[in-house]
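The values are calculated or read from the model by the stated rules, or taken from the named source; none is laboratory data. Keep in mind that this is a model prediction, so the values were computed, not measured. When we count neighbours, we look across all protein chains shown, and the Cβ atoms used for this are built from the backbone with ideal geometry, even at glycine. Ligands, DNA and RNA are stripped out before the accessible areas are found, and what is left, the full protein with its side chains, is counted by its heavy atoms. Shrake-Rupley method; radii C 1.70, N 1.55, O 1.52, S 1.80 Å.
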Amino acid sequence: MNNYTIDSNKKYLELYNSSTQSPEKFWDKLASNNFVWNKKWSKVVDWDFKKAKISWFKDAKLNITVNCLDRHVIKNPQKTAIIFEPNNPNEKHKSYSYSELLVEVCKMANVLKSMGVKKGDRVCIYLPMIPELAFSVLACARIGAIHSVVFAGFSSNALATRIDDCESSLIITSDGSYRGDKILNLKQIVDDALEICETKQKVLVVKRTNESMNLKHERDYLLNDLIDSVNDVCEPEIMDAEDPLFILYTSGSTGKPKGMVHTCAGYMVYTSYTFKNIFQYQPEDVYWCTADIGWITGHSYILYGPLSNGATTLMFEGVPSYPDFSRFWQIVDKYKVNQFYTAPTAIRGLAKQGDDFLKDASLKSLKVLGTVGEPINEEAWEWYDNNIGKNKCPIVDTWWQTETGGILISSIPNVIPDKPTFATKPFIGIQPILIDDSGDELNEANIVGKLCIKYPWPSIARTIWGNHERYINTYFSAYDNMYFTGDGAFKDDEGNFRITGRVDDVIIVSGHNLGTAPIEDAINEHKKVAESAIVGFPHDIKGNALYGFVTSKDEINDEKLIRKEINNLISNKIGPIAKLDKIQFTSGLPKTRSGKIMRRILRKIASKQYDDLGDISTLLNPEIVQEIKDNSI
Ligand code: WTA
């Protein structure tokens, strides 16, 4: 990427200006010179935000795995592609060179083919962070099947919804998953999901924990039984630039998750370019992102971004607290990790444990630190900078979304200075603006507004699977001719952006997006519950935690029991990540005259900002506010 390497602020400004002044020329050259194509495009970008129609590199042909694997096998076959660090530090780690990884991916691809999977079919992947997860994702891409990875902490209900929505034909799972000292029986969760699924599935099972399990005849297959008889070569399917590469579900403000669709070429180009420059990856570096591949961060910055650059990327199966809270730092030292990318919630959780867990850590190898997923507070930023980076590692606070495919706003080490709590500047090609409530652009400095993006970038999602109308409505109808992010932001007088948080009904808990509607739907299924409203409130470690206000149909004698039952329901319907920290029973919820719940008031009460409730006189039932205040937890 020589001409495109961002190695000074001057170069950044030069590239930024050319990418915004002549985007077609810019991306045309960058894509031509740095990737392997079977056929070139007829048009670089074609877009109409009104109809949410966007295409990049139209008519081009390629396979992303050729760019992630084959081309590196030709140049540097022995280079380590993936290092796998198991949950248990006493279990031996594994490394896969680029040539070994290609063989594993081809074998998995041939297994999928032998089970009848074809180009365009959807494959649901419900696996722990084991190498087979990477093989499965890449195997789908190899044969043109569309992967839909579901985070293996989601419940059977949530899994079933996602399976049915994309009408997959195969699920790849494992017998179990190691999480610290616990074992989660994933196959059982899949079995339960299939009881309620409307679509017919085959199941491919990877053995990891050797839990006992039932294998259903002609539905369930063990990978071990199939893998030895397949060929280790699999020719890549030649894909159109705009063929879907994957679907990844994210929460929305209505009950149903949104299956964001990403396509082959633009996603590849943008994740590759951002990875190389934002992490300043050098050929011998070892890079570690602690996310799960079940989230977009894992897709873009554990797999596709690093591998398309021929990087060494680390996959960790376990949790930061096992066997104790020094685990992350032990791993950094063990592999001499150079770039470390994690979430603010993990940083806060580790900081709280005190510095004892750091006393044996050298951390000398680290060059760049990163964060993603939610705003990072100043205290956590300082702790990260002092204790992990030893004040010598730039911190990239990377702002982006499942929908954006790659990082849109971030500092760049030694190019764009970091600034605590600010994501800072737009990446090459990104044109962020702030909008006021009436849709006008805010041009002044030191102002807060809704964050929108003016021009498409290569890895923007193309649609919501099966529901293009919802895609248009959610992202392109709020403001004319712009992509609306759902986030608020502040811009300082140097043009640095600080993300202030969601402005819709999505709450970010421990870095995970949770829509309030599906949680409320789950609670409302409880036979005693009449109505409920969920809001977020500040939490030391999770960033936000959930507070539920619940009205009941009849008297509740045992509040403790009902609280437990409500959280069990949520766990079942969505997953343990969506459980409520606080549940307050109340005789009513504050409503507008049109019957809308005034969440603004509930949010203030949950955050204990009792004096700042605003005008409540227009409410249908203003008297309820006092009751809720008096009984708040
Ligand atoms: C939030 C994760 C502040 C934001 C890649 C966004 C952030 C949502 C940051 C997307 C950051 C992500 N600073 N907020 N650096 N990064 N967010 O889809 O609200 O899981 O809209 O993608 O996380 O979450 P998602």
The stretch 409-490 - accessible surface per residue (Å², probe 1.4 Å):
35
Quick one: Cα centre-to-centre distance for the stretch 181-239 and the stretch 436-512, in angstrom?
39
Amide H proximity to Gly144 below 5 Å, modelled H, separation 5+ or other chain, gives Glu237
Could you order peptides 608-617, 432-441, 265-274 by the average number of other Cβ atoms within 10 Å of their residues, highest first?
265-274, 432-441, 608-617
In square angstrom, what is the accessible area per residue of the stretch 506-630 with a 1.4 angstrom probe?
48
Rounded to the nearest 10 Å², the 1.4 Å probe accessible area of Val233 is 90
Can you pull out the trypsin sites (Lys or Arg not before Pro) in the stretch 73-157 whose DSSP state is coil and whose Cβ has at most 10 other Cβ atoms within 10 Å?
Lys92
So what J values fall out for the stretch 167-183 if you push phi through Karplus, 6.51 cos²θ - 1.76 cosθ + 1.60 with θ = phi - 60°, rounded to Hz, Gly and Pro as x?
6, 6, 10, 9, 10, 9, 9, 10, 4, x, 9, 8, 10, x, 8, 9, 10
Loop-resident sites, the stretch 474-571, for trypsin sites (Lys or Arg not before Pro), counting at most 10 other Cβ within 10 Å (DSSP):
Lys527
With the dipole of the chain worked out from charges on the C-beta (+1 for Lys and Arg, -1 for Asp and Glu) around the Cα centre, which of Leu112, Asn210, Tyr471 lies farthest toward the positive end?
Leu112
Note the full-extension length gain between Asp225 and Asn76 as 0.36 nm times their separation in residues minus their Cα-Cα distance, in nm to one decimal.
50.5 nm
Answer in debye to the nearest 20: the dipole magnitude of the chain about its Cα centre, from +1 Lys/Arg and -1 Asp/Glu charges placed on Cβ, is 960
Dimensionless Rg/Rh of the stretch 367-444 - Kirkwood Rh, Rg from C-alpha atoms:
1.03
Send over the per residue convex hull volume for the stretch 506-630, Cα only, as a whole number of Å³.
108
Karplus-derived 3J(HN,Hα), 6.51/-1.76/1.60, for each residue of the stretch 54-59, Hz, glycine and proline x:
9, 9, 10, 6, 3, 6
Restricting the count to DSSP beta bridges whose residues both fall in the chain, what percent are antiparallel, rounded to a multiple of 5?
60
With all protein chains present, the chain has a carbon and sulfur share of its accessible area (1.4 Å probe) in percent of 46
HN-Hα J couplings of the stretch 223-238 from phi, Karplus 6.51/-1.76/1.60, θ = phi - 60°, integer Hz, Gly and Pro as x?
4, 4, 6, 9, 5, 6, 9, 9, 6, 9, 10, 9, 5, x, 6, 7
For a quick check: with amide H placed at 1.01 Å from N, whose amide H comes under 5 Å from Ile447's, ignoring anything fewer than 5 positions away on the same chain?
Lys491
Lys, Arg +1 and Asp, Glu -1 on Cβ, resulting dipole of the stretch 506-630 about Cα centre, debye, nearest 20
300
Cysteines in the chain lacking a second Cys C-beta under 4.7 Å:
Cys68, Cys124, Cys140, Cys166, Cys197, Cys264, Cys289, Cys393, Cys452
For a test of the definition: using alpha carbon positions, the gyration tensor, and the 1.5 limit on a/c, classify the chain as rounded, prolate or oblate.
rounded
Between Thr371 and residues 5 or more places away or on another chain, the pairs with built amide H atoms under 5 Å apart involve Thr342, Val396, Asp397, Thr398
